[in-house]
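I have placed the structure first, in the form of structure tokens, so that the comments after it can refer back to it.
The values are calculated or read from the model by the stated rules, or taken from the named source; none is laboratory data. Small disclaimer: the values here were computed from a predicted structure and weren't measured. Every residue, glycine among them, receives a Cβ derived from its backbone with ideal geometry; neighbour counts consider all protein chains shown. The protein model used for the area step is the full one, side chains on, heavy atoms only, and it has no ligands, DNA or RNA in it. Shrake-Rupley method; radii C 1.70, N 1.55, O 1.52, S 1.80 Å.
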Amino acid sequence: ASETKVKETRLDDSKVVAFSTHGLISGELKGLTEPALVLTPPDVGTETDDGLLTASEIAQLKLNADWVILSACNTASGDSPGAPGLSGLARAFFYAGTRSLLVSHWKVESEATVKLITGMFRNIANDNSIGKSEALRRSMISLMNDPDEPEYAHPAYWAPFIVVGEGGRR
């Protein structure tokens, strides 16, 4: 996924949009003054595609999504160090037109995140009467009780994620 591709793709007819990438907080990279999602960098960066989809660029997207999944690190962080949570990427996606988000409060472990997110969607597919938050909760419990990965019982693997916005039924 490149910044150019995201900006050129018509997203307003997608009910679910998912970004499985790395999230950066403001100041994490030299010169980065706002949160961003890391996308595939171009061979030669341009003003419109430097490989970082920033909060201000996200706010300009046209979305009509029921749900945006940000399975990346720090996506619930503020727009600057010390700023209130959910004021960065989350706010930008709400401005762009999403009704709910899955975001993380801190760095996430990749393999556990894949299991958590796929389990969440499996829960919805198995019972579409449950809401997003309940699907996430059930997936968290499954991850905690994974006999093959006992370390996943630790909250560091599942607790960073929250549903923000319409957490009810799809």
Legend entry - Partner lysines for Lys62 [C-alpha distance under 16 Å; skip if fewer than 8 residues away on the same chain]: Lys5, Lys7, Lys15
Inset, instruction - Quick one: give the max-minus-min coordinate of the C-alpha atoms of segment 40-148 along each principal axis, largest first, in Å. - result: 47, 31, 30
Legend entry - Rg/Rh (Cα only; Kirkwood hydrodynamic radius) as it applies to segment 42-95: 1.00
Inset, instruction - Mind checking segment 1-96 for GluC sites (Glu not before Pro) that DSSP puts in a loop (not H, G, I, E or B) and that have at most 11 other Cβ atoms within 10 Å? - result: Glu47
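Provide the net charge surrounding Arg138, with neighbours chosen by a C-beta distance below 12 Å and charges set as Lys +1, Arg +1, Asp -1, Glu -1. Walk me through the numbers before you get to the answer.
Numbers: positive: Arg122, Lys132, Arg137; negative: Asp127, Glu134.
Value of the local net charge: +1.
Sum up the charges of everything whose Cβ sits under 12 Å from the Cβ of Gly51, counting Lys and Arg as +1 and Asp and Glu as -1, but leave Gly51 out.
-4
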Legend entry - Sulfur and carbon atoms: percent of accessible area, segment 8-57 [1.4 Å]: 53 percent
